[in-house]
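The values are calculated or read from the model by the stated rules, or taken from the named source; none is laboratory data. The structure presented is a predicted model; accordingly, all values stated were derived computationally and were not measured. Neighbour counts are summed over all protein chains in view; Cβ atoms, including those assigned to glycine, are modelled from backbone coordinates with ideal geometry. Just so you know, the surface numbers come from the protein's heavy atoms only, side chains and all, with ligands and any DNA or RNA stripped out. Shrake-Rupley method; radii C 1.70, N 1.55, O 1.52, S 1.80 Å.
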Amino acid sequence: MAESLKTVDEWFGKLDHAKEITTKLHFYYQDTLTGEKRTIWKVAESDITSTSPTSFGLIYMVDNLLAAGPDPDSQVVGRAQGTAGFADLHNIALQMGLNFVFTEGEYKGSTISVLGRNPVVEENCRELPIVGGTGVFRMARGVVITTTYSFDETTSNAVSILLPLFITVGLHLRKNFKQLDTILLSLFITVGLHR
C-alpha cells in the first residue's frame, strides 16, 4: 500500500480540512502457543524470569490470526504482528507493541498500530491505545477494548475479543472511504458508525 512521496505530501496538505470519523470494529485475536500452527515464539528472557512470579523480562514475538469469529477457521481479516513482554515486577501484565496488518479486501496492506500495557489476568476488559496506522488508517488514533473469549489451560492457547476497536481517521482524505466502511461491516462485523 506504499504511495509515492508526492501522493503522501498532497494527503498531508489536505489534512487541515479533513473531517474526522469514528468507527467501531469487532474481531478476534487468536494466540496459538503450541502445535503446528504456532503463532507466538519466546525470543528472550531476563536473568530473573525463571524465579519471577510475574515472568518479568519474558519476551515473545507474535504473528497471531485476526479473524471474524472465534474459530480458527473463521474468515481471516489479517494478522497481529509484534512483541509482547512481561514488564511488571509485581503484577502479571504485558507491554504490547502490535501492528494489526489487514491482509484481505480493500484494507489489504493497511495497518493499525497498538502500544500499551495489558494486565491480562487482572481485569475482564482491558484497554490498549491505538497510536497510529498506515494506508486507510494513516494517523489513526483510538483505543482497543479486549477481553479473553477462551483460554485452554493445557496448551495456553487463547482467543481474545477485540470489541470494539474505536478508530478515528480523516473521512474525506480517501475518496472511497464510505465504500471501505461497507467492507468493514461485512469483514469485521462493525458494531456501529459515529459522527
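Across segment 3-129, how large is the tail of the calculated P(r) beyond 21 Å, expressed as a percent of all Cα pairs?
53
DSSP loop trypsin sites (Lys or Arg not before Pro) in segment 30-130 with at most 16 other Cβ atoms within 10 Å of their Cβ, which ones?
Those that pass, being in a loop and sparsely packed, are LYS37, ARG38, LYS108.
Can you check what the net charge comes to around ASP73, using other residues whose Cβ is under 15 Å from the Cβ of ASP73 (Lys, Arg +1; Asp, Glu -1)?
-2
Using the heavy atoms of the protein chains and a 1.4 angstrom probe, tell me the accessible area per residue for segment 38-77 in square angstrom.
55
Find how much the distance from LYS108 to VAL43 grows on full extension, using 0.36 nm per residue of separation minus their present alpha carbon separation; answer in nm with one decimal.
Stretched out fully, the LYS108 to VAL43 stretch lengthens by 20.6 nm.
Past 32 Å, Cα to Cα, is the threshold; run LYS6/LYS108; LYS14/LYS37; LYS14/LYS108 against it and keep the listed order.
In this structure, LYS14/LYS37 exceed 32 Å between Cα atoms.
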